[in-house]
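Quick one: structure below, then a few questions.
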Amino acid sequence: LFIDFKGLEIFSKKYNVNFNGNIILPEIDRLNVRGKTIGELEKEINLAYREYIIDPEIKIYILKYRPVNVYISGEVKRPGLQTLSSKNKVVSGVTTYKTPTVYNGLQLGKGLTRNADLSQVIVVRNNPKSNGGGKIKTTINLIEMLSSGDQSQNIKLHDGDSIFVPKTSVPIKEQILSI
């Protein structure tokens, strides 16, 4: 993460997130960032620094994404824990990151079985604390995505997501031919 302390350039620099999800910050020491959005973290850091800085203005930028661990199960040829990396691309000195999607996750499952239900792929995710915590679930219709090109179905994966491909009596060949 790059943390920008407006008016305090001496503190503005790159901060690494360790294996336990902690960063070490001047004055406040260790802060756990695991499972927090950038907005949540900015709010927490600004609040923590009110004790040391008058009207702190602290912004956070992600410099590099770490690999995402996703559990894939159901009607895939290679179920289990898979690791996906973000792809970066530098254009005119600006680095952009392409985060992994459901489609990328299913590719790591080495394909689908004959009876995979492409219209009912389930993604389960840990909900950020600011949104109530717990788990949230959504159903992805890959048939719709493939037939209409609707990429909104191809959601970005987050660390800890689970993808489940249910079974159907309609063979995959027929599902694809229906497109």
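Just to be sure, is residue 70 open to solvent by less than 60 Å² (accessible area, probe 1.4 Å), in contact (Cβ under 8 Å) with a residue 60 or more places away in the chain and under 15 Å from the mean Cα position of the chain (by Cα)?
Details: open to solvent by less than 60 Å² (accessible area, probe 1.4 Å): yes; in contact (Cβ under 8 Å) with a residue 60 or more places away in the chain: yes; under 15 Å from the mean Cα position of the chain (by Cα): yes.
When the stated conditions are applied, residue 70 passes them.
Separate question: Just for strands (runs of 3 or more DSSP E) wholly inside the range 1-83: which have at least 1 residues that are out of contact with any Leu (no Cβ under 7 Å at 6 or more places or on another chain), modelled with pLDDT of 95 or more and of a type in the set (Asp, Glu)?
Values: elements: 2-5, 22-25, 29-32, 58-61, 68-74.
The strands (runs of 3 or more DSSP E) meeting that bar are 2-5.
Take the conditions polar (S, T, N, Q), over 16 Å from the mean Cα position of the chain (by Cα), in a strand (DSSP E or B) and modelled with pLDDT under 85 and apply them to residue 139. Does it pass?
For residue 139, the condition - polar (S, T, N, Q), over 16 Å from the mean Cα position of the chain (by Cα), in a strand (DSSP E or B) and modelled with pLDDT under 85 - is not met.
Hey, another quick one. Would you call residue 162 within 21 Å of the chain's Cα centre (by Cα), under 30 Å from residue 40 (Cβ atoms), among the polar types (S, T, N, Q) and modelled with pLDDT of 85 or more? Step through it out loud before you land on a result.
Working: within 21 Å of the chain's Cα centre (by Cα): yes; under 30 Å from residue 40 (Cβ atoms): yes; among the polar types (S, T, N, Q): yes; modelled with pLDDT of 85 or more: yes.
Yes, satisfied.
Test residue 110 against the criterion of being open to solvent by 60 Å² or more (accessible area, probe 1.4 Å), free of Cβ contacts under 8 Å to residues at least 24 places away in the same chain and of a type in the set (Lys, Arg), and give yes or no.
Details: open to solvent by 60 Å² or more (accessible area, probe 1.4 Å): yes; free of Cβ contacts under 8 Å to residues at least 24 places away in the same chain: no; of a type in the set (Lys, Arg): yes.
No, not satisfied.
If the requirement is being touching a Gly at 6+ places or on another chain (Cβ under 9 Å) and either of a type outside the set (A, V, I, L, M) or within 18 Å of residue 9 (Cα to Cα) (or both), which of these qualifies: 61, 52, 71? Steps first, please.
Details: 61 fails: touching a Gly at 6+ places or on another chain (Cβ under 9 Å); 52 fails: touching a Gly at 6+ places or on another chain (Cβ under 9 Å).
Checking each option against the conditions leaves just 71.
Being charged (D, E, K, R) and open to solvent by 40 Å² or more (accessible area, probe 1.4 Å) is the filter here; which residues of the range 113-153 pass it?
Taking the range 113-153 first, the residues charged (D, E, K, R) are 114, 117, 125, 129, 135, 137, 144, 150.
Those that are charged (D, E, K, R) and open to solvent by 40 Å² or more (accessible area, probe 1.4 Å): 114, 125, 129, 135, 137, 144, 150.
Which residues, counting only those in the range 165-178, are surrounded by fewer than 18 Cβ atoms within 10 Å (Cβ to Cβ) and under 29 Å from the mean Cα position of the chain (by Cα)?
Narrowing the range 165-178 to residues surrounded by fewer than 18 Cβ atoms within 10 Å (Cβ to Cβ): 166-174, 176-178.
Residues satisfying the conditions are 166, 167, 168, 172, 176.
Looking only at the range 129-142, decide whether some residue is touching a helix residue (DSSP H, G or I) at 6+ places or on another chain (Cβ under 9 Å) and of a type in the set (A, V, I, L, M, F, W, C). Let's see the steps before the verdict.
At the first step, the residues of the range 129-142 found to be touching a helix residue (DSSP H, G or I) at 6+ places or on another chain (Cβ under 9 Å) are 129-130, 140-142.
Next, from what is left, pick out any that are of a type in the set (A, V, I, L, M, F, W, C): 140, 142.
Yes, the range 129-142 has at least one match.
With the requirement that a residue be modelled with pLDDT of 90 or more and touching a Phe, Trp or Tyr at 6+ places or on another chain (Cβ under 8 Å), what does the range 85-122 give you?
Correct list: 121, 122.
While we're looking at this one, here's another question. Hey, among the residues in the range 53-67 that are exposed (fewer than 15 other Cβ atoms within 10 Å of the Cβ) and hydrophobic (A, V, I, L, M, F, W, C), which one's farthest from residue 83 (Cα to Cα)? Please lay out each step first, then the result.
Here is the first cut: in the range 53-67, the ones exposed (fewer than 15 other Cβ atoms within 10 Å of the Cβ) are 54-55, 57, 59, 61-64, 66-67.
Checking which are hydrophobic (A, V, I, L, M, F, W, C) leaves us with 54, 62-63.
Details: 54: 42, 62: 19, 63: 19 Å.
The residue in question is 54.
Would you say residue 150 is in contact with a Lys or Arg (Cβ under 6 Å, 6 or more places away or on another chain), closer than 29 Å to residue 38 by Cα and of a type outside the set (Phe, Trp, Tyr)? Give the derivation first.
Working: in contact with a Lys or Arg (Cβ under 6 Å, 6 or more places away or on another chain): no; closer than 29 Å to residue 38 by Cα: yes; of a type outside the set (Phe, Trp, Tyr): yes.
Taking the combined requirement at face value, the residue does not satisfy it.
Same structure again: Considering only residues that are surrounded by fewer than 16 Cβ atoms within 10 Å (Cβ to Cβ) and touching a Phe, Trp or Tyr at 6+ places or on another chain (Cβ under 9 Å), which ones fall in the range 9-52?
12, 13, 14, 24, 26, 27, 28, 38
The values are calculated or read from the model by the stated rules, or taken from the named source; none is laboratory data. Please read these numbers as outputs of a predicted model, since none were measured by experiment. Note that each Cβ is placed from the backbone with ideal geometry, even for glycine, and that neighbours are counted across all protein chains shown. All accessible areas refer to the heavy atoms of the entire protein, side chains included, with ligands and DNA or RNA removed. Shrake-Rupley method; radii C 1.70, N 1.55, O 1.52, S 1.80 Å.
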